[in-house]
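Have a look at the structure below before the remarks.
The values are calculated or read from the model by the stated rules, or taken from the named source; none is laboratory data. Note that the structure is a prediction, hence the values are computed from the model and not measured. Neighbour counts are summed over all protein chains in view; Cβ atoms, including those assigned to glycine, are modelled from backbone coordinates with ideal geometry. Remember, those area values only see protein heavy atoms, side chains included, never the ligands or the DNA or RNA. Shrake-Rupley method; radii C 1.70, N 1.55, O 1.52, S 1.80 Å.
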Amino acid sequence: MTSDMQNSRDARENRKDGDDRIGATLQYWTIMYSGYKIRINYFESKLFPKEAIARIVTTAPTVLSMTTKQVDAKLGFLQTEFHLTGNEVREVATRGPKILPWPAVKIKELKFTVKEECGFSQQEVKLILLRYPKIWLMGNYQLRSKFDFLHNTMGITHTQLAEWPNVLRSRRFFIKQRHLFLTHIGRAQYNASKPNYISMKALVSGTDAEFCRNVAKVTIHKFNDYLKCL
């Protein structure tokens, strides 16, 4: 009988502990939801469409751990640093939301690399940000290395790179392989004013088979045989 009473008391205590944990968990998520709602309300107050807010919080969920003051400061920093309009700030935040929690000092350092070391104009710097914000998450050396090959080896102009900056996020050896092969077969023609022009997007897009068929105009076997000789 004593044993039964003890078991009953233990069961009641276990249920109480379980109820306490559930209560604490619900309270935690209530507080978290309230905090998230405040941040979402902030974006709405800044005229972000609901679709843009959904993209921001799903692509860069760490934004929800930022205070509204931190988010506001980062948006203000981007607007001032890159001379953006209100619509352009919203466009950058929506297209590349991971730039919001990214340290401002790293963005400044990369901007110096892009503008002062690589030689892009202020307008081209702005265009790069608007078209592909992910560029600003790159390391300085990584960007310089790719720019050096594209600009100084391949002859790609600043204007071309600013128009399609995505190429700067492609792997350097990947760009190099395809460029060297096109040079080998006499098709490395990147001047839009001349026949057989190959854009940067065409150069790095698609599988090797698609590249050979649509760009190089050769069989995949010829490309693979060439790579074996590198």
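Descriptive notes on the structure:
To keep it simple, each residue is scored yes or no on (1) among the β-branched types (Val, Ile, Thr); (2) open to solvent by less than 50 Å² (accessible area, probe 1.4 Å).
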| position | (1), (2) |
| --- | --- |
| ILE198 | yes, yes |
| ALA202 | no, yes |
| HIS221 | no, no |
| TYR226 | no, yes |
| LEU230 | no, no |
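- Verdict on LEU64 being modelled with pLDDT under 95, over 15 Å from LYS126 (Cβ atoms) and not charged (D, E, K, R): yes
- Residue list for region 55-88, restricted to those being within 17 Å of the chain's Cα centre (by Cα) and in a helix (DSSP H, G or I): ARG55, ILE56, VAL57, THR58, THR59, PRO61, THR62, VAL63, LYS74, LEU75, LEU78, GLU88
- Count - residues of region 113-143 that are exposed (fewer than 13 other Cβ atoms within 10 Å of the Cβ) and within 15 Å of HIS83 (Cα to Cα): 3
- Matching helices (runs of 4 or more DSSP H) fully within region 135-230 where at least 2 residues are at pLDDT 95 or above and of a type in the set (Lys, Arg): 140-147, 172-184
- Of all residues in region 81-108, those that are within 18 Å of SER45 (Cα to Cα) and modelled with pLDDT of 95 or more have Cβ atoms under 6 Å from Cβ atoms of residues that are open to solvent by less than 70 Å² (accessible area, probe 1.4 Å) and not hydrophobic (A, V, I, L, M, F, W, C), 6 or more apart or on another chain, in VAL92/PRO133; PRO97/THR59; LEU100/LYS74.
- Selection from region 204-217 of residues that are of a type outside the set (S, T, N, Q) and surrounded by fewer than 16 Cβ atoms within 10 Å (Cβ to Cβ): GLY206, ALA209, GLU210, ARG213, LYS217
- Count of residues meeting criterion [open to solvent by less than 40 Å² (accessible area, probe 1.4 Å), part of a helix (DSSP H, G or I) and closer than 23 Å to THR58 by Cβ] in region 89-112: 7
- Taking first residues from region 133-150 that are charged (D, E, K, R) and partners that are in a helix (DSSP H, G or I) and open to solvent by 20 Å² or more (accessible area, probe 1.4 Å), the Cβ contacts under 8 Å between residues at least 6 apart in sequence or on separate chains come to LYS134/LYS98; LYS134/ARG169; ARG144/GLU117; LYS146/ARG172.
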